[in-house]
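Here the structure comes first, spelled out in structure tokens, and everything after it is commentary.
None of the figures in this text is laboratory data; all of them are computed from the coordinates on show. Quick caveat: nothing in here was measured; it's all calculated off a predicted structure. Because the Cβ atoms are built from the backbone with ideal geometry, glycine has one as well, and the counts that use them run over all protein chains shown.
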Amino acid sequence: MPEILRLQKSAFLSEAIALNNHNIEPLTQTLEEMEKVFARGIVLKKTDEKTGEIVGSVRAREENDRVSVMKLMVRPDFQNKGIGTSLLKEIESLYENKTFELFTNAKNEKNMRLYLKNGYREVKRTKESDDLEFAHFEK
């Protein structure tokens, strides 16, 4: 679990820089908080075939026939190699006949394209602050 927390901080650093805010939850989450999240759902990881290091991860939790997909992340030096797509498809394969939901920073065009390419549709936007708006997706 500590390795996934390190991955999370590495993967979300670019988001924090783009937002000019290093107090975002992925960077401030503690190991204890992460353990509580892990206990309520499924966590998948992708490892590098050569080194065995974790290079990607995704989490999901089901409630009332809806699956919340959370923290899809890929180590920066492994991005754009299909890892995010493969993790998304794998987590979806674990839940049959469910509605999937997720959200991302509306300014993160790369994430927006990934979700649209994988069959998600944007259903709403929520504004968290003057600088932060989330795009919510469903599939």
>> Between a residue in region 1-20 that is without any contact (Cβ under 8 Å) to a residue 12 or more places away in the chain and any residue that is part of a loop (DSSP other than H, G, I, E, B) and loosely packed, with under 15 Cβ neighbours inside 10 Å, which pairs come within a Cβ distance under 9 Å, given they are 6 or more apart or on different chains?
In response: A16/H22; A16/N23
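Identify, please: which residue in region 1-53 is of a type in the set (S, T, Y) and surrounded by 11 or more Cβ atoms within 10 Å (Cβ to Cβ) and is, among those, nearest to I83 (Cα to Cα)?
Result: T47.
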